[in-house]
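Asker: Below: one structure in structure tokens.
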Ligand code: ADP
Ligand code: MG
């Protein structure tokens, strides 16, 4: 109840915006369900041409995306890009469109960073600045990847604790926030809020097949038919326990972990080939390892070497995330307490401040 009062008061006192208040800049992305631009406030044009805001013009799914962003802002603000405002713009086009505004977090997604030859050292530079004399090598790379994974899992734990499943976790939807020097999650366009039944019926066609867990649907088809409106708050946590829908995101996060460890899997073709191999092994990572390791390329060998550091603690975490059965996958919260994250390095310490 308090949350509703709070939301109401917040609405009363917050500035409202409309279309003409924004000046559009460079296009940042275009998907099937919306276009994303850099933007600034018309009254306060930024000195540079590109503004300090990001604007998404979205189709009908924009309504759900606004709901998710409002909820995230109240419940776990630091997990996701800083949401400013969302509204429906009744433009001349039939049906109109939703406008969503965020603060501009930075220029690089994890996908941009991962595809660079410098990865993961480019991330180290972003977080620590230009530090001289830090040794390079597999141990260091592991430490940086460990840091990225802990930030990703921290953000996921925030979403999941709020009752939100993202359903489109991939490097393209993880952005480096230059302000907080941490990774944050973006793009709640396919997310589901299970506690109030919003977007409860999964829109499978929104899912990215490269990162989707084998179950595809976050709820089993046996679940009683979904409430269509914000109802059933008492029922939903039970369903959550039964189906563990959050584990869908864990699988995707596991694939990101894998891509960070194995450079060859960072490309689309590399990942697609891996997915085919894993399916042939009935989604058993250990079985996959047995088939590829004997004739492993130097690239693959390097990945295994990284995950084998400290008695294979990284490999252990990876295999507890990428599993066929959702209920056998580790939760974000439990993963954060995994011994893989025990050792505090320079990097880990620098996030604590
Ligand atoms: P889409 O539905 O097109 O995938 P996203 O929300 O993922 O929309 O945004 C598309 C791209 O725009 C992202 O990959 C990222 O590069 C950029 N972007 C989105 N939100 C922000 C933000 N808050 N700050 C900086 N860049 C952003
Ligand atoms: Mg996206």
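Asker: Within the range 29-43, is even one residue more than 16 Å from ligand 2 (Cβ to nearest atom), at pLDDT below 80, assigned to a loop (DSSP other than H, G, I, E, B) and surrounded by 10 or more Cβ atoms within 10 Å (Cβ to Cβ)?
Answerer: No, that holds for no residue.
Asker: Follow-up. Identify, please: which residue in the range 331-343 is modelled with pLDDT of 95 or more and assigned to a loop (DSSP other than H, G, I, E, B) and is, among those, farthest from residue 150 (Cα to Cα)?
Answerer: Restricting to residues being modelled with pLDDT of 95 or more and assigned to a loop (DSSP other than H, G, I, E, B), the top hit is 331.
Asker: Would you mind telling me which numbered condition in (1) within 14 Å of ligand 2 (Cβ to nearest atom); (2) more than 16 Å from residue 248 (Cβ to Cβ); (3) modelled with pLDDT under 95 residue 175 fails?
Answerer: In the conditions (1) within 14 Å of ligand 2 (Cβ to nearest atom); (2) more than 16 Å from residue 248 (Cβ to Cβ); (3) modelled with pLDDT under 95, residue 175 misses (3) alone.
Asker: Here is a further query. Restricting to the range 300-330, what's the tally of residues that are part of a loop (DSSP other than H, G, I, E, B) and buried (at least 18 other Cβ atoms within 10 Å of the Cβ)?
Answerer: Matching residues across the range 300-330 total 4.
Asker: Could you count how many residues in the range 278-290 are outside any loop (DSSP other than H, G, I, E, B) and exposed (fewer than 13 other Cβ atoms within 10 Å of the Cβ)?
Answerer: 4
Asker: Looking for whichever is under 17 Å from the mean Cα position of the chain (by Cα), within 16 Å of ligand 1 (Cβ to nearest atom), touching a residue at least 40 places away in the same chain (Cβ under 8 Å) and not in a helix (DSSP H, G or I) here; the options are 179, 189. Which one fits?
Answerer: Exactly one of 179, 189 is under 17 Å from the mean Cα position of the chain (by Cα), within 16 Å of ligand 1 (Cβ to nearest atom), touching a residue at least 40 places away in the same chain (Cβ under 8 Å) and not in a helix (DSSP H, G or I), namely 189.
Asker: Any residue at all in the range 121-133 that's away from ligand 2 (no atom under 16 Å from the Cβ), modelled with pLDDT of 95 or more, closer than 20 Å to residue 255 by Cα and not in a helix (DSSP H, G or I)?
Answerer: Within the range 121-133, not a single residue is away from ligand 2 (no atom under 16 Å from the Cβ), modelled with pLDDT of 95 or more, closer than 20 Å to residue 255 by Cα and not in a helix (DSSP H, G or I).
The values are calculated or read from the model by the stated rules, or taken from the named source; none is laboratory data. All values reported here derive from a predicted model rather than from experimental measurement. Heads up, the Cβs are rebuilt from the backbone with ideal geometry, glycines too, and the neighbour counts pull from every protein chain shown.
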